[in-house]
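Here the structure is laid out as structure tokens; the discussion comes afterwards.
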Amino acid sequence: MSASASTLPPIESLFDPNSKSYAENPAPQCLAIAARGPLVWYAPWQAWIMTQMPDIMDCWKREYLSSDFYDWEFAPPRPTEENWNKFEKALVGHSLLADPDHHRLVRRITSPAFSRNVVDNIQRQIEPHVTRLFDDIGTPESFDYITEVAQHIPFISITAMVGVPEKYWPEMKRVTQTFTETWNPTISEERRLRAQEDSNKAIDILQVVIAERRENPQEGDFLSALLKIEAANENFNEWDIITLILALIGAGADTTLIAQQWSVYALLKSPDQVPYALESADAFSNAFSEIMRWSGNSKMGFARYAPSDMQLLGQEVKKGQMVLMMPHLKDHDPAYFSNPEKLDVRRKFEPDVLFGYGPRFCIGAALAKRQLYLTMGEMFKRFPNISLAEEPERDLEDHNAVVFKRLLLNTNIK
Ligand code: HEM
């Protein structure tokens, strides 16, 4: 270590995403860690943090680091094929994450399943459920947005997106809540196995739904689109479909829950921005990027693993070490955004990296923005004078993002 490096304060004294001060205002800590260099060793997580946008975009684009969880030095042993349960067959055997060539093929041939037509149709299917949620709320003086609305949206939109009939919803619900626990090494083995069991049951249901859909083809949802793709491509089979649907559940549930909370909070903190944000679906699409930038809610980053010992951005990185890309560190940097503390939903993003970049760009981006536009529109239509009932307390137990314990709103209906 150089003399100047040894005189720097320990990194954990500058940056602690689980601290109360980070939850209240992450910006100073994000700026402090980014100022420490392009690749910073963060001992509490035993991981490198990649801090600078050009490096992150290059890493996203060229994929020179592995996305395979089992390449991590602390991952449990990779299960062997003869012992795979259904969950492992989907996630290890056919992994969308592990094999970059297969991943690119899957993304290329499935792109028609994310066309504007499909998203429009999914929006039409989600709409009545959102209306029903607000009907159930009625016209109280106040309500908690998280328990009454936000917690229901991920499940509704993923099942509608995929096309899982409502009769299977009760059995599918648990997997959307526990999926991210299936490979979380910080929780007990017992809990991880229970979460895997939920996924195994969900796969059983998906196989029944797929069989039914083969018998009775339909139009307009993701599953129907994928079955057509399967029929036309010999390298894409039923297990690819199951893996993809699990990936949607894994990547689409938590993110949506967080985005719902912050969209409401940000717009109610700056009510002058509401008309611009809700002007149209396209206006909201930009507003959403701004809401997420302003919120600074990320605590972690996007994990990759060194495939071999390597020199990276001036550091010696060992095989298996985790590298966390943290694009959100720039979000309150005045070098990137003028008046970063101001929510300005018409701000321009060039490029907009909220949903990633390159081969692993978010599959659910269009759906995420559409479902938020729908719920925000419905909320302001029903309660045009809605306001925050209190400054919501941050939930320090959440390790992925800054979230609220509850989000109590006053409807202000006379
Ligand atoms: C609500 C806000 C959301 C945000 C901010 C978001 C952001 C992202 C980002 C940044 C990535 C790239 C991750 C990486 O490079 O490691 C990603 C990937 C992904 N997202 Fe999203 N996402 C959101 C919602 C959703 C939804 C609703 C779905 C599905 C219904 C979804 C499905 C996926 C999938 C499957 C991937 C992996 C793509 C691949 O590896 O090819 N996301 N998302």
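Key figures
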{"item": "So Ser224, is it touching a Gly at 6+ places or on another chain (Cβ under 7 Å), away from the ligand (no atom under 11 Å from the Cβ) and of a type in the set (S, T, N, Q)", "result": "yes"}
{"item": "Unmet requirement for Thr159, which otherwise passes all of (1) within 15 Å of the ligand (Cβ to nearest atom); (2) surrounded by fewer than 19 Cβ atoms within 10 Å (Cβ to Cβ); (3) among the hydroxyl-bearing types (Ser, Thr, Tyr); (4) without any contact (Cβ under 8 Å) to a residue 24 or more places away in the chain", "result": "(2)"}
{"item": "Residue within the range 137-151 that is farther than 27 Å from Tyr265 by Cα, out of contact with any Phe, Trp or Tyr (no Cβ under 8 Å at 6 or more places or on another chain) and modelled with pLDDT of 85 or more present", "result": "no"}
{"item": "Residue match in the range 216-223 (condition: aromatic (Phe, Trp, Tyr) and over 17 Å from Arg108 (Cα atoms))", "result": "no"}
{"item": "Every pair of residues 6+ apart whose Cβ atoms lie under 6 Å, when the first sits in the range 85-105 and is in a helix (DSSP H, G or I) and modelled with pLDDT of 80 or more while the second is aliphatic (A, V, I, L, M) and surrounded by 15 or more Cβ atoms within 10 Å (Cβ to Cβ)", "result": "Lys86/Ile203; Ala90/Ile242; Ala90/Leu246; His103/Leu96"}
{"item": "Some residue of the range 64-82 being within 16 Å of the ligand (Cβ to nearest atom), more than 18 Å from Thr182 (Cβ to Cβ) and assigned to a helix (DSSP H, G or I)", "result": "no"}
{"item": "Helices (runs of 4 or more DSSP H) lying entirely in the range 142-235 (those with 1 or more residues that are out of contact with any strand residue (DSSP E or B) (no Cβ under 9 Å at 6 or more places or on another chain) and closer than 30 Å to Thr411 by Cβ)", "result": "153-162, 169-178"}
{"item": "Evaluation of Lys269 against (1) within 29 Å of Thr411 (Cβ to Cβ); (2) within 11 Å of the ligand (Cβ to nearest atom) (one fails), failing number", "result": "(2)"}
{"item": "Some residue of the range 354-374 being farther than 27 Å from Gln177 by Cα and either modelled with pLDDT of 95 or more or away from the ligand (no atom under 16 Å from the Cβ) (or both)", "result": "no"}
{"item": "Any strands (runs of 3 or more DSSP E) falling wholly within the range 273-337 and containing at least 1 residues that are touching a helix residue (DSSP H, G or I) at 6+ places or on another chain (Cβ under 6 Å) and within 15 Å of the ligand (Cβ to nearest atom)", "result": "302-305, 322-325"}
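The values are calculated or read from the model by the stated rules, or taken from the named source; none is laboratory data. On a predicted model such as this, the values are computed, not experimentally measured, just so you know. Note that each Cβ is placed from the backbone with ideal geometry, even for glycine, and that neighbours are counted across all protein chains shown.
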